[in-house]
Amino acid sequence: MKNFGTLFGYEMKKIWMRPMTWVTVLLFCMVFVYITVQPFFAAGGTTFTTVDTDGNEISRYLTGGERYRLRVEGARALSGQPMDEAFFQTARDTIPLDKTWFDKESYFYLIDPSYCDFYVEFSEWLNDTAEHYYTHHQNGKELSWQRLSEEDAAYWRDMEARVEKPYVYQPVLGPRMLMNMLCSSGLGMFLPLLVGLCVCGLYAQERRARTCALIFSSPQGRRCLYLAKTLAGAASAVLAVLMVVLAGGLTNLLFYGPWGWDGAIQLSPWLWGSSLPITMGQGILILLALLLAYALVCGAATALASVWSGSSVAALAVSVGVMLLAMVMDRSEPGWREYLPANLVDERGLMSLQVTNLCGVQLNILQSGFLLYLLLALVLAALCWPGWWRSAAGRG
């Protein structure tokens, strides 16, 4: 065990002492920090004019960043209020619904910004009652459940019954932006490249140094080193992703604050159709777990290419190929395509109705997809062993 710990530490050091590893991780961190803060510093502005309650005309020039900050901070005033009939009625009485959009914006930015974010996301529901809002979404879910088997439909009805209604309003813009950063339109899209740049030389280094034959001369040493390499590659893939997520997540908390993390995911307009009884914070943790499982798959695929080709460049090319393939594959069809990273590691995964029966236990796609990714990573990692043995026997 002491020998394994030494080898593991050595392999981790080899990976993280490479300048390319640090440059890659720091570059990804900088990009996602920039994406997070960019709306708060958006250029371009408009002069807004309105009349206050005393009849005085107010005029002010506001940049895009100032308007966005007012939207974020103003919504906090409504935090914790149940979205019942009284809430919708107060919104209708407060917001000048009969005015033009520019007049509404002027009211939000110069008089009262508290309903700005709510209006942007829920304006189409202000012409009717709260009951209509909840009934409309429930009917939409019931319609989608009709395409399922009775057993699967019962599963989702049980999940829906656990969702507390009326929803409690929370300003979920911050968690939404972080969730978007994690998904297929953000880090999930470029994750194969991130992991590939970090671990593409995991096995190729021994091929270049021609030390494989020496390593394989000791049966005990080769097994121990294989396990150390496998664990170091997996740990490095996970660590690289966590560092990028941590940079983006801390920046998100700094600018958006802790508001909205305990809000129901149904408060996000992207997730109105979800029946999962979870909060935005829990949804982010679920997507993070799937992202880390996907990182293990990418790391194992890169390591497999590294050991069989003996080339870091070839291994990196495989990572780029995985990234491009995930981008171009058709993900609109139901069925097995729902397990593609672009669907699973995304808000689509939180909306999917896919249910798998595993040994009598019903698993939604988030649960079964997580297990599938872990299994795939293990299989790919196991295939590295015969490839490494072949390289030692054939080329030394």
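The values are calculated or read from the model by the stated rules, or taken from the named source; none is laboratory data. Note that the structure is predicted; figures quoted are calculated from it, not measured. With ideal geometry, Cβ positions are generated from the backbone for all residues, glycine too; neighbour counts draw on all protein chains shown. Accessible surface areas use protein heavy atoms only, side chains included; no ligands, DNA or RNA. Shrake-Rupley method; radii C 1.70, N 1.55, O 1.52, S 1.80 Å.
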State whether one or more residues within the stretch 287-304 are within 16 Å of the chain's Cα centre (by Cα) and free of Cβ contacts under 8 Å to residues at least 12 places away in the same chain. no
- prompt: Based on what the data block shows, is E124 among the charged types (D, E, K, R) and either under 30 Å from V355 (Cα atoms) or open to solvent by 40 Å² or more (accessible area, probe 1.4 Å) (or both)?
  reply: yes
When L191 is run through (1) more than 13 Å from the chain's Cα centre (by Cα); (2) at pLDDT below 95; (3) in a helix (DSSP H, G or I), the failure sits at (1)
Counted residues in the stretch 123-156 being in a helix (DSSP H, G or I) and in contact (Cβ under 8 Å) with a residue 60 or more places away in the chain come to 9
Over the stretch 276-334, the set of residues assigned to a helix (DSSP H, G or I) and touching a strand residue (DSSP E or B) at 6+ places or on another chain (Cβ under 9 Å) is M280
Margin query: I'd like to know if the stretch 269-282 contains one or more residues that are of a type in the set (F, W, Y), over 27 Å from W156 (Cβ atoms) and open to solvent by 30 Å² or more (accessible area, probe 1.4 Å).
Written below: no
Over the stretch 106-122, the set of residues hydroxyl-bearing (S, T, Y), under 30 Å from the mean Cα position of the chain (by Cα) and assigned to a helix (DSSP H, G or I) is Y119
Conditions (1) outside any helix (DSSP H, G or I); (2) open to solvent by 40 Å² or more (accessible area, probe 1.4 Å) -> Q89 fails only (1)
Regarding G55, is this residue open to solvent by 30 Å² or more (accessible area, probe 1.4 Å), within 16 Å of P171 (Cα to Cα) and in a loop (DSSP other than H, G, I, E, B)?
no
Checked V33, V25 against criteria (open to solvent by 30 Å² or more (accessible area, probe 1.4 Å) and under 30 Å from L231 (Cβ atoms)); the one match is V33
